[in-house]
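Only the coordinates and a few stated rules stand behind these numbers; no lab work does. Since the structure is predicted, the reported quantities are computational estimates derived from the model, not experimental observations. FYI the Cβ positions are ideal-geometry reconstructions off the backbone, even for glycines, and counts take in every protein chain you see.
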Amino acid sequence: DTAVSQTPKYLVTQMGNDKSIKCEQNLGHDTMYWYKQDSKKFLKIMFSYNNKELIINETVPNRFSPKSPDKAHLNLHINSLELGDSAVYFCASSSLAVGNTIYFGEGSWLTVV
Amino acid sequence: AQSVSQHNHHVILSEAASLELGCNYSYGGTVNLFWYVQYPGQHLQLLLKYFSGDPLVKGIKGFEAEFIKSKFSFNLRKPSVQWSDTAEYFCAVSSNSGNTPLVFGKGTRLSVIA
């Protein structure tokens with residue numbers, strides 16, 4: 001069973017569209033994250049949720065809105081997509097109870113055309 | 001604020017050569033240190049981690065890293081690389097307190113040639 005799973009894995013969409021990426025973890029972790037990896041492979045934290053509450057919100061356009069219906073899910077909704085949003089988005093989770101090691105999902109490759 | 005520097009952007013080695021990838025971090029408190037690997041087109045996988053104790057940590061696939069507190073370094077090593085080690089390697093640090101996110105270095109691309 002995949003510990004952190006994201007859907008879709010690949011997404012190609014036009015500028016201006018609204019899209020969502022879903023993430024679920026079955027590890028029982030209480031903290032979830034969204035990271036963005038740009039074309040130069042640089043990884044940057046976007047959001048962090050602990051027990052469904054937003055605890056970190058880095059400088060991210062407000063077109064990006066995370067939603068955590070429960071502590072096992074953290075979805076990312078993006079409005080009015082722009083070319084610069086093309087990237088790989090990684091969901092991740094962790095728990096202090098297991099040493100705070102962060103486990104990553106397989107990534108969602110978003111291409112905006 | 002934490003930051004991580006990886007000195008080498010791209011390293012090219014022949015098979016069986018020894019590997020050392022540099023990583024330095026900047027943070028005033030106690031940290032957790034990680035190395036992740038990303039094979040082409042794949043997600044990040046944990047290679048090894050250091051939280052406390054023996055500063056020489058061993059990870060999967062024959063990798064090890066040494067935490068040198070005085071140098072704020074956590075270099076990754078492997079005595080003999082294989083073609084299958086071709087990947088992007090990321091050093092990362094997080095604070096030892098709370099569920100803090102990882103701060104990543106910019107990555108080092110390793111290309112192993114036969």
Report task. Let me see the pair-distance distribution of segment B:54-95: every alpha carbon pair, 10 Å bin width, integer percents in order. Result -> 23, 54, 21, 2
Report task. Sequence neighbours fewer than 8 away in the same chain don't count; with that in mind, list the aspartates and glutamates whose C-alpha is under 13 Å from A:K36. Result -> A:E58, A:D85, A:E106
Report task. Only Cα pairs under 8 Å and at least 6 apart count here; give the relative contact order of chain A as a rounded whole percent. Result -> 36 percent
Report summary line: The base-10 log of I(q)/I(0) that the Debye equation returns for segment B:26-114 at q = 0.25 Å⁻¹, one scatterer per C-alpha, is -1.38
Requested in this report: Check cross-link reach from B:K78 to the lysines: straight Cα distance under 24 Å, and skip same-chain residues fewer than eight apart.
Outcome: A:K41, B:K49, B:K58, B:K61, B:K69, B:K106
Requested in this report: Give the value in nm², to one decimal: projected area of the alpha carbon convex hull of the protein assembly as shown, averaged over all directions.
Outcome: 12.5 nm²
**Report entry** segment B:55-72-segment A:60-113 distance, computed between alpha-carbon centres (Å)
**Finding:** 29 Å
**Report entry** Listed residues B:K58, B:K69, B:K49, most fluctuating in chain B (Gaussian network, C-alpha, under 10 Å)
**Finding:** B:K69
Report task. Within the set of other residues whose C-beta is less than 9 Å from the C-beta of A:K71, count the net charge using Lys and Arg as +1 and Asp and Glu as -1. Result -> -1
Query - Top of A:I56, A:I78, A:I45 by mean-square fluctuation, Gaussian network on chain A, Cα under 10 Å - result: A:I56
Requested in this report: Could I get the Rg over Rh figure for segment A:1-76? Both from C-alpha atoms, Rh via Kirkwood, rounded to two places.
Outcome: 0.96
Query raised in the report: If you add up the charges near B:N8, with Lys and Arg at +1 and Asp and Glu at -1, over every other residue whose beta carbon is less than 12 angstrom from its beta carbon, what do you get?
Result: 0
Report summary line: Taking every other residue with Cβ under 14 Å from the Cβ of B:E88 and scoring Lys and Arg +1, Asp and Glu -1, one gets +2
